[in-house]
Amino acid sequence: MRKILYFMLICLVASCGSSKKKAAQRQPRKITVAARTNTPHRERAPVRKRPSAKRSKADDVIDSALKFSGTRYKYGGTTKKGMDCSGLLYVAFGENNIKLPRTSYHMAEEGRTIRKSSVAKGDLLFFKTSKRSKRINHVGMVVSVKNNEIKFVHASSSRGVMVSSLREGYWSSAFIKATRIL
């Protein structure tokens, strides 16, 4: 009897987590805009500096938001353990000493409303994703604008923190307005 119990226990331990791995392999994640990584400083030989474009405050806020890429969605979350859309931007702007309200519909009242054709890196995009809701319930931040394609970082309830395109039908139809905070 003990041998059977030991055998069953070994089989149970060996099979733990296998279904989770299979589910993760079915849907590969793809992030098209990478965050800047902070590598430890090592002493290097002096390098001649080339004139380069200065980093803007928007670049710093975007890098802060992209550090959370892949973080799962959690309603009300503001940490690496889980994050919602407004929590992502609340933390990213906060890390750069810019205060924003905590909820997306309150964020929509901040800044200056701009046309979709005028958006730039760091601008906020607001969405109404539920037909039953009468107010804004989702927010993202523009990370790039190239060839009239607007890419934004946000926390999707189904895929967590990720970068999406405003060209995607779902986001295009749910779009309400854009504002400039920076």
Residue-span extension gain [S56 to S144] - 0.36 nm each, minus C-alpha spacing: 30.4 nm
Residue pairs, from the table K74/K128; K57/K134; K54/K121; K54/K81; K80/K116, whose Cα atoms sit over 24 Å apart: K57/K134; K54/K81; K80/K116
Whole-Hz ³J(HN,Hα) from phi, Karplus 6.51 cos²θ - 1.76 cosθ + 1.60, for region 111-127, glycine and proline x: x, 10, 5, 10, 6, 4, 6, 9, 5, 9, 3, x, 6, 9, 10, 10, 9
Net charge of neighbours whose Cβ lies under 12 Å from the Cβ of N137, counting Lys and Arg as +1 and Asp and Glu as -1: +4
Tensor-based shape of region 66-138 (alpha-carbon gyration tensor, a/c under 1.5 rounded, otherwise prolate or oblate): oblate
Cα centroid separation, region 59-81 to region 134-164 (Å): 12 Å
Placed amide H near T71: partners under 5 Å, 5+ positions off or other chain: V161
Calculated from backbone phi, Karplus (6.51, -1.76, 1.60) coupling profile of region 68-85 in Hz, x at Gly/Pro: 8, 3, x, 5, 5, 7, 8, 4, x, x, 9, 10, 5, 6, x, 8, 10, 4
Estimated vicinal HN-Hα couplings, Hz - region 169-175 in sequence order (Karplus 6.51, -1.76, 1.60; Gly, Pro = x): x, 4, 6, 5, 6, 8, 4
5 angstrom amide H check on K177, placed H, neighbours 5+ away: F126
Efficiency of FRET between S117 and L182 - r from beta-carbon atoms, R0 25 angstrom, step 0.05: 0.85
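Computed from the coordinates by the stated procedures, all read-outs in this text should not be read as laboratory data. The model shown is predicted, which means the values in this text are computed figures rather than measured ones. Here Cβ is always computed from backbone atoms with ideal geometry, including for glycine, and neighbour counts include all displayed protein chains.
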